[in-house]
Amino acid sequence: MIWEVRQTRRFARVYKKLFDNIVVEVDVAVDKIAQDPDIGERKKGDLSELWVYKVHCLGQLYLLSYTREDGVRLVYLEVLGPHENFYRDLKR
């Protein structure tokens, strides 16, 4: 069963600035997450509520972080960005 997907403003700001070829890869990743939210990797420590899915595009690694609410089968897309300094920026 497909989960409902919503995006945060922070995710939307980054998403609208992406190049078309990266948008296609991100859309495929979002579809996979909607099918099975367990596909990502759950973080530990102070980021324990986040899940991260890795997207490879044109030799660059992008990380897509999301949270989920199991009771209502809802996934919130939180942040999207290149691997470099991703977790540092995420903690802000």
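Things to note:
- Within segment 37-53, the residues that satisfy the criterion of being in contact with a Phe, Trp or Tyr (Cβ under 9 Å, 6 or more places away or on another chain) and touching a residue at least 24 places away in the same chain (Cβ under 8 Å) are 37, 40, 47, 50, 53.
- Scanning segment 34-53 for residues that are open to solvent by 50 Å² or more (accessible area, probe 1.4 Å) and of a type in the set (A, V, I, L, M, F, W, C) turns up just one, 39.
- Residue list for segment 63-78, restricted to those being in contact (Cβ under 8 Å) with a residue 24 or more places away in the chain, in contact with an Asp or Glu (Cβ under 8 Å, 6 or more places away or on another chain) and open to solvent by less than 50 Å² (accessible area, probe 1.4 Å): 65, 66, 74, 75
- Test: residue in segment 54-62 that is within 16 Å of residue 89 (Cβ to Cβ) and open to solvent by less than 50 Å² (accessible area, probe 1.4 Å): yes
- Looking across segment 1-19, just one residue is assigned to a helix (DSSP H, G or I) and exposed (fewer than 11 other Cβ atoms within 10 Å of the Cβ), and that is 9.
- Qualifying residue in segment 20-33 (condition: assigned to a loop (DSSP other than H, G, I, E, B) and open to solvent by 70 Å² or more (accessible area, probe 1.4 Å)): no
- The number of residues in segment 34-83 that are among the hydrophobic types (A, V, I, L, M, F, W, C) and assigned to a loop (DSSP other than H, G, I, E, B) comes to 3.
- Filtered residue count, segment 13-53, keeping only those that are within 12 Å of the chain's Cα centre (by Cα) and under 18 Å from residue 91 (Cα atoms): 7
The values are calculated or read from the model by the stated rules, or taken from the named source; none is laboratory data. This is a predicted model, so every value here is computed, not measured. No Cβ is skipped: glycine too gets one built from the backbone with ideal geometry, and neighbour counts run over all protein chains shown. These area figures cover heavy atoms from the full protein model, side chains too; ligands, DNA and RNA do not enter into them. Shrake-Rupley method; radii C 1.70, N 1.55, O 1.52, S 1.80 Å.
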